[in-house]
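This report refers to the structure that appears directly beneath it.
The values are calculated or read from the model by the stated rules, or taken from the named source; none is laboratory data. Small disclaimer: the values here were computed from a predicted structure and weren't measured. Counting neighbours? That spans all protein chains shown, and the Cβs are built from the backbone with ideal geometry, glycine included. Areas reflect the complete protein model, heavy atoms only, side chains present, ligands, DNA and RNA absent. Shrake-Rupley method; radii C 1.70, N 1.55, O 1.52, S 1.80 Å.
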Amino acid sequence: MVNTLSHLGIGLLIALAFGLKGKGRWTVMLLSILPDLDYLTYSAFTLLSGSLSHEARNQLFYLLGHREFSHSIFFALMVMLLVWLKTKNKRFTAAAFAAISSHIFLDYTTSAKMRILYPLVTDASVLRSTYSFDPLVNILPLLPLILLAAEYLKSRGKWNGKWNRDFDNFSSLANPKGKKFYASVLVVLLVWVMLFPAAKIFLIDHISKAEGAEISYKETYPISPTRFLAAYSYNDTHYKLMEVSYLSGTEKSFYVEKVSVNGDIPDAAAYVERAAKLYNTNPSQEIDYPVYTVSEEKGKVTVLLSDARSPYVENWPYFDVVYRFVFDRESGDYEAYLSKYGRKETKLGENRFE
């Protein structure tokens, strides 16, 4: 997940590298953040979802949810086609496609789950090879935005003297050297981001061999530029979690119990199974390594469902998701609640699960 300003900066870099000016430049910049306008569609979805059937809700979630259809290859191709039909300008169409694709690719290489092949494939996937707060990816794209601000100051007569001459040499859109510079910055960013998926392959292979187990590539999260949090099912009762790095392999390891039962609940396993089946009909699928905590009070069995990695990553929103299922023993009915990213728990609608 790259910040919005950096996405915008990359869009500006692309526009400058393609030699675009004026309206074309601003349009490409806006296209670089177009996928994140799904915040608006997701808001509309949340307003409508309560009145829909389970299946209709799922399909609208794929289309309107954040980092869903708007972050897919098909969406980028569709926008490129529309731009081409509107402008018939090859250079501008290529820049537009590069801007949208850069946004999708950068989100895909960080920590956000996406359905990049939707509607052909509804399974979520992600590379998770680049740290979300990687300084180069987040800060370097801000350079053209700074230059754009400087250009504005210059046009207002607030940038004079030697700095004015240096700025002319460095950033003029009519200057071929300027175009080469911006293209070079894009190449540096591209090479930097492409290195991590390849490096992660070797790291995961090394850790898998050391553990004698298959470590998931996509479910190993970057927690710093060189370190990852990995996990796998150690046995029937526990997960093994590991902090691994490019520099020293496995640095820490710890075990997490898959199911814990508070009190004497002989049929706890049946309630865990029921909670798991309900959760699996939910399209969000935020949890990779489910942990269940079962308790009972006054004839109601509560099952908490969370991710095994949540307690081990500070200030990291993607694992901070807890579902709470409350089953009534007598009637068999249930209620479901969701707590996400430290926000207040909310009750989920009946159509959330099948």
Seminar exercise, completed: Asserting the computed 222 nm helical MRE of the chain (DSSP H runs at least 4 long, -39500 (n - 2.57) per run, divided by residue count, to nearest 500) equals -14500 deg cm²/dmol
Problem set entry | Average Cα contact separation per residue, the stretch 205-333, under 8 Å, 6 or more apart, as relative contact order % | 15
For this session: Would you mind computing the Rg to Rh ratio of the stretch 47-126 from its alpha-carbon coordinates, Kirkwood style for Rh?
Result: 1.06
Problem set entry | Accessible area per residue, Å², the chain with all protein chains present, probe 1.4 Å | 52
Exercise. How large is the convex hull of the Cα atoms of the stretch 273-354 per residue, expressed in Å³ as a whole number?
Worked result: 97
Problem set entry | Once the Cα gyration tensor of the stretch 87-149 is diagonalised, semi-axes √(5λ) in Å | 25, 21, 6
For this session: Considering only protein heavy atoms, with the full assembly of protein chains and a 1.4 angstrom probe, order THR293, THR130 by accessible area, largest first.
Result: THR293, THR130
Problem set entry | For the stretch 204-354: span of alpha carbons on each principal axis (Å, largest first) | 55, 31, 24
For this session: Rank-order 275-288, 97-110, 188-201 by packing density, defined as the average count of other C-beta atoms within 10 Å over each peptide's residues, highest first.
Result: 97-110, 275-288, 188-201
For this session: Could you tell me what % of all Cα pairs in the stretch 234-284 have separations over 12 Å?
Result: 75
Exercise. Working out 0.36 nm times the residue gap between LEU47 and ILE146, then minus their Cα-Cα distance, what length gain in nm do you get to one decimal?
Worked result: 31.8 nm
For this session: Quick one: pull the percent of accessible area on the stretch 37-143 belonging to carbon and sulfur, 1.4 Å probe, ligands and nucleic acids left out.
Result: 72
Exercise. Dividing the alpha-carbon Rg of the chain by 2.2 N^0.38 Å yields what?
Worked result: 1.18
For this session: Using Cα pairs closer than 8 Å and at least 6 residues apart in sequence, work out the relative contact order for the stretch 21-102, in percent.
Result: 38
For this session: Please tell me the relative contact order of the chain in percent, rounded to the nearest whole number, where contacts are Cα pairs under 8 Å and at least six residues apart.
Result: 14
Problem set entry | Interchain or long-range residues, amide H under 5 Å from ILE116's placed H | SER125
Problem set entry | Calculated from backbone phi, Karplus (6.51, -1.76, 1.60) coupling profile of the stretch 296-312 in Hz, x at Gly/Pro | 9, 7, 6, x, 10, 9, 9, 10, 8, 10, 9, 9, 4, 8, 3, x, 9
For this session: Any aspartates and glutamates with Cα under 17 Å of the LYS113 Cα? List them, leaving off those in the same chain fewer than 8 positions away.
Result: ASP36, ASP38, GLU68, ASP123, GLU219, GLU286, ASP288, ASP307, ASP320
Exercise. How many angstrom separate the Cα center of the stretch 1-51 from the Cα center of the stretch 294-354?
Worked result: 34
For this session: Work out, step by step, the length gained on full extension between GLU55 and ILE265: first 0.36 nm times the residue separation, then minus their alpha carbon distance; give nm to one decimal.
Result: 72.2 nm
Exercise. For the pair SER224 and GLU350, what calculated FRET efficiency results from E = 1/(1 + (r/R0)^6), where r is the Cβ-Cβ distance and R0 = 45 Å, to the nearest 0.05?
Worked result: 0.60
Seminar exercise, completed: For LYS300, the lysines lying under 25 Å Cα to Cα, once residues fewer than eight places off in the same chain are dropped, come out as LYS258, LYS277, LYS340, LYS344, LYS347
Seminar exercise, completed: Lys and Arg at +1, Asp and Glu at -1: neighbours of PHE327 with Cβ under 13 Å from its Cβ sum to -2
For this session: Work out, step by step, the length gained on full extension between GLU335 and VAL187: first 0.36 nm times the residue separation, then minus their alpha carbon distance; give nm to one decimal.
Result: 48.1 nm
